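Student: Structure incoming, see below.
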Amino acid sequence: MSKSDKKVALVTGANKGIGLETVRQLAGQGITVLLGARDEKKGAEAAGKLKAEGLDVQFVYFDVNDRASYDSVAKFIADKFGRLDILVNNAAISNDGAYNASNLPINLLRQTFDTNFFGLIESTQKLLPLISKSEAGRIVNLSSILGSLTIHSDPKGGFDDFKPFGYDSSKTALNAFTVHLAHALRDTKIKVNSAHPGWVKTDMGGEAAPLEVEEGAKTSVQLATLPDDGPTGGHFHLGQPVPW
């Protein structure tokens, strides 16, 4: 490894919730973690709290809807570290819970896909040359069991009363990206996987969720630190496959 033997990770959407806990757990393993967030004040405050705990964490401005931030982050990583070992695509939005596929306003669908799909893909492609310089690159796409067509099409799947089409379909599309990117990189040491964190107590998950953020971050951390013989091109929750 160049410049430093410590692994370097970037976690997007990481100033709170699962993203922040993912940063904490990765840094707790001795990894240098860049805490990416679009709110500079909140991001810097979150990184500062983790640094005060003795963790190697640094804030970087990163907004999946701001292409200029891709360039600035890529340049910063290249100049300071020379490579990126781990990318956790955690940033996402959910804004269509009041609608279904018959009445979802198209502008909300476009907003969801711009953040959860198009921006994620473009930023990943921008960072891929840096990940390719890692001895064991790992890309983790934060998906959801709500993106599973198998489960949604099953009358006994359990989500008949909860089908926000925009969010769900963006995660279905994200899973397709995982499969295709893993295939494209099959002859490299880079592993690409989707993570289902579970139903977690966050701003998005709500207080009724059964899991705490510590549990919700575990799958991302597991996939970000897979051994050389670990899987690629899959969808997992705590080591168990989630159906497509």
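Student: Give me a count of the residues in segment 109-145 that are under 19 Å from residue 66 (Cβ atoms), touching a residue at least 60 places away in the same chain (Cβ under 8 Å) and among the hydroxyl-bearing types (Ser, Thr, Tyr).
Tutor: 1
Student: Right, another one. Select, from 36, 13, the only residue that is crowded, with 17+ Cβ neighbours inside 10 Å and in contact with a helix residue (DSSP H, G or I) (Cβ under 6 Å, 6 or more places away or on another chain).
Tutor: Selected residue: 13, the only one of 36, 13 that is crowded, with 17+ Cβ neighbours inside 10 Å and in contact with a helix residue (DSSP H, G or I) (Cβ under 6 Å, 6 or more places away or on another chain).
Residue-wise test of (1) at pLDDT below 90; (2) hydroxyl-bearing (Ser, Thr, Tyr); (3) surrounded by 14 or more Cβ atoms within 10 Å (Cβ to Cβ).
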| position | (1), (2), (3) |
| --- | --- |
| 136 | no, no, yes |
| 146 | no, no, yes |
| 156 | yes, no, no |
| 199 | yes, no, yes |
| 209 | yes, no, yes |
| 230 | no, no, yes |
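Student: Now a separate question. If a residue has to be surrounded by 17 or more Cβ atoms within 10 Å (Cβ to Cβ) and among the β-branched types (Val, Ile, Thr) to count, how many in segment 99-120 make the cut?
Tutor: Going through segment 99-120 one residue at a time, the tally reaches 2.
Student: Now for a different question. Which ones in segment 232-244 are surrounded by fewer than 16 Cβ atoms within 10 Å (Cβ to Cβ) and in contact with a Ser or Thr (Cβ under 6 Å, 6 or more places away or on another chain)?
Tutor: Correct list: 238, 243.
Student: Restrict the check to segment 70-80 and report whether at least one residue is within 19 Å of the chain's Cα centre (by Cα), under 25 Å from residue 112 (Cβ atoms) and β-branched (Val, Ile, Thr).
Tutor: Taking every residue of segment 70-80 in turn, at least one turns out to be within 19 Å of the chain's Cα centre (by Cα), under 25 Å from residue 112 (Cβ atoms) and β-branched (Val, Ile, Thr).
Student: Sort out which residues of segment 148-161 are free of Cβ contacts under 8 Å to residues at least 60 places away in the same chain and within 23 Å of residue 108 (Cα to Cα), and write them in order of number.
Tutor: Scanning segment 148-161 gives 152, 159, 160, 161.
Student: Is there a residue being modelled with pLDDT of 95 or more, over 18 Å from residue 141 (Cβ atoms), β-branched (Val, Ile, Thr) and under 18 Å from the mean Cα position of the chain (by Cα) anywhere in segment 82-93?
Tutor: No, every residue in segment 82-93 fails to be modelled with pLDDT of 95 or more, over 18 Å from residue 141 (Cβ atoms), β-branched (Val, Ile, Thr) and under 18 Å from the mean Cα position of the chain (by Cα).
Student: Let me ask another. Answer with yes or no whether residue 100 is in contact with a helix residue (DSSP H, G or I) (Cβ under 9 Å, 6 or more places away or on another chain), among the polar types (S, T, N, Q) and farther than 16 Å from residue 33 by Cα.
Tutor: Considered against the rule, which asks whether it is in contact with a helix residue (DSSP H, G or I) (Cβ under 9 Å, 6 or more places away or on another chain), among the polar types (S, T, N, Q) and farther than 16 Å from residue 33 by Cα, residue 100 comes out as yes.
Student: A follow-up question, please. Name the single residue, out of those in segment 5-34 being in contact with a Phe, Trp or Tyr (Cβ under 8 Å, 6 or more places away or on another chain) and not in a loop (DSSP other than H, G, I, E, B), that is farthest from residue 70 (Cα to Cα).
Tutor: Per the criteria, the residue is 32.
The values are calculated or read from the model by the stated rules, or taken from the named source; none is laboratory data. These figures come from a predicted structure and were not determined experimentally. Cβ atoms come from the backbone with ideal geometry, glycine included; neighbour counts cover every protein chain shown.
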